[in-house]
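J.: Sharing a structure here in C-alpha cells format.
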Amino acid sequence: MLAWFNKAYTLEMMGRMEGSLAAFDKVLGLDPGDASAMYCRARLLALLGRSDEALEQLKKVLELNPDSRGEAKEDVAFDKLRGDERFTKLVG
C-alpha cells in the first residue's frame, strides 16, 4: 500500500494528476479507511475541477479525521472551492 501512496504522491508532484488519482484509488482499494489517501484524493479532485466529487471526498475525510479541517482551510488545492457554501460548511 505504501508503494501506491508513494507513486500517487510522485505522480502529483510531476503534474500527472489523473495518474495520481488512479494510484490513490488503488490505495483506497487496499485500505478504504485511509484518511490521508482520501484527503489527497479530495485535493486532486479539487485541482481537476471536479468540485462535487472533491467535496464528497472531503466530507468523508472530515468524518474520519475532524482535525483535517484546519489543513483543508489553508490548503491552496481547495482555492477554487472557497466560494462554495458546501466547502464553508465543511471546514467552517
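J.: Looking at the range 49-86, which of its residues are surrounded by 17 or more Cβ atoms within 10 Å (Cβ to Cβ) and hydrophobic (A, V, I, L, M, F, W, C)?
T.: ALA54, LEU55, LEU58, VAL61, LEU62, ALA72, ALA77, PHE78, LEU81
J.: Please work out if LYS89 is basic (Lys, Arg), part of a helix (DSSP H, G or I) and either under 13 Å from the mean Cα position of the chain (by Cα) or loosely packed, with under 13 Cβ neighbours inside 10 Å (or both).
T.: Against the criterion (basic (Lys, Arg), part of a helix (DSSP H, G or I) and either under 13 Å from the mean Cα position of the chain (by Cα) or loosely packed, with under 13 Cβ neighbours inside 10 Å (or both)), LYS89 qualifies.
J.: Here is a further query. Scan the range 1-48 residue by residue and report those that are loosely packed, with under 13 Cβ neighbours inside 10 Å, assigned to a helix (DSSP H, G or I) and either in contact (Cβ under 8 Å) with a residue 60 or more places away in the chain or not hydrophobic (A, V, I, L, M, F, W, C) (or both).
T.: ASN6, GLU18, GLY29
We did not get these values from a lab; they are worked out from the coordinates using the rules stated. Because the structure is predicted, anything quoted here is derived from the model rather than measured. Because the Cβ atoms are built from the backbone with ideal geometry, glycine has one as well, and the counts that use them run over all protein chains shown.
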